[in-house]
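The values are calculated or read from the model by the stated rules, or taken from the named source; none is laboratory data. Note that the structure is predicted; figures quoted are calculated from it, not measured. In this analysis, Cβ positions are derived from the backbone assuming ideal geometry, glycine residues included, and neighbour counts consider all displayed protein chains. For the accessible areas, the whole protein counts, side chains as well, though only heavy atoms, and no ligand, DNA or RNA atoms are used. Shrake-Rupley method; radii C 1.70, N 1.55, O 1.52, S 1.80 Å.
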Amino acid sequence: MSFATSIRPAAGYVGRFAPSPTGALHFGSLVAAVGSYLDACVHQGRWLLRIEDVDAPRTVAGAAEGIIATLDRFGFEWDGEIVWQSARTAAYAAALETLTAAGFAYPCACTRRELVDQPLARDGSRRYPGTCRHGLPPGREGRAWRVRAEGVIRFDDAVQGPQEIDLAADAGDYVIRRADGLFAYQLAVVVDDAEAGVTHVVRGADLLDSTARQIHLLGLLGHAVPAYAHLPLATNAACEKLSKQTLARAIDEHPPAAALLAALRFLGQNPPDTLTGARLAEIWQWARAHWSIAAVPRRRQAEAPGFH
């Protein structure tokens, strides 16, 4: 089984930015926001904002409000109401019910400790050996829910190029509802993007390796697959992804105009030196007129230029 992308025309372009409120926005977050926003602008499309707070234990109080304020301060303009994943559990439950009724999803009794010796998948998760695929072991109860991973997924990423992933060989059956009862990112993002009519997903390359699972889920649920573009991941000097864990500095610590120029250069857009010291609105005007996804460097990661 393989899934081909069924991409909507650019005339109906809908993009989105979907940060997780685990801390303040950093330079890597800004790069993803700038890329997705400008790609929507150049296609005269809509750009949506979604707060991905489905993982309640990792959500930091006040972080979402801080992210929204930062985006506003930096001059981003989103369309429609902000979507909060924490308010959408009913939609995720309905999708799980659909997958279960069709025989695509099943309960799993395995614990993390039982899977610790399994090989790693591309995204760092443990490859599932299929222990509960044909039924729960005697005396065990289901803890999580998994989807049967079958087929080869192929798609052409606008930045990273052609991709091909054998789902079973890479990660095996993957979790869509966790043992703690929370819905997994893979299911939530698919349901949200489909309901919003998202046609183009422009985001960081740290999510490239989980894209095949999302395409797989879209196919099982009968939804069209968006076009994907995975931007280079901003790292520190140790080649670590900028994050709260690696003590990345909040982008609010930098002047918006200078940070925006740095993000544009990181994305290969080469703004002219004459914009140094320019007003934020002037830089945005240039960026909207000159954005090119083809100019983004085809690499998985690069060091952030002094903004970490």
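Observations on the structure shown:
- Global geometry of region 87-192, whether rounded, prolate or oblate, following the gyration tensor of its Cα atoms and the 1.5 cut on a/c: oblate
- Antiparallel DSSP beta bridges within the chain, as percent of all bridges there, nearest 5: 50
- If you sort Trp78, Trp284 by accessible surface, 1.4 Å probe, largest first, the order is Trp78, Trp284.
- Solvent exposure, largest accessible area first (probe 1.4 Å, DNA, RNA and ligands not counted), of Glu81, Glu52, Glu164: Glu81, Glu164, Glu52
- In this structure Asp72 has an accessible area near 100 Å², from a 1.4 Å probe over the protein heavy atoms.
- Using the average count of surrounding beta-carbon atoms within 10 Å as a protection proxy, the listed peptides 23-31, 265-273 rank, highest first, as 23-31, 265-273.
- Using a Förster distance of 45 Å, the FRET efficiency for Arg112-Ala258 (Cβ separation, nearest 0.05): 0.55
- Near-label residues of region 64-92 by backbone N, under 19 Å of a point 7 Å along Cα→Cβ of Arg178: 64, 84-92
- In the frame of its principal axes, region 29-93 has Cα extents of 35, 25, 18 Å, reported largest first.
- Between the beta carbons of Ala295 and Arg73, assuming R0 = 41 Å, the FRET efficiency works out to 0.95 to the nearest 0.05.
- Cα centroid separation, region 11-74 to region 258-308 (Å): 17
- Residue-count net charge about Arg178 - beta-carbon cut-off 11 Å; Lys, Arg +1, Asp, Glu -1: +2
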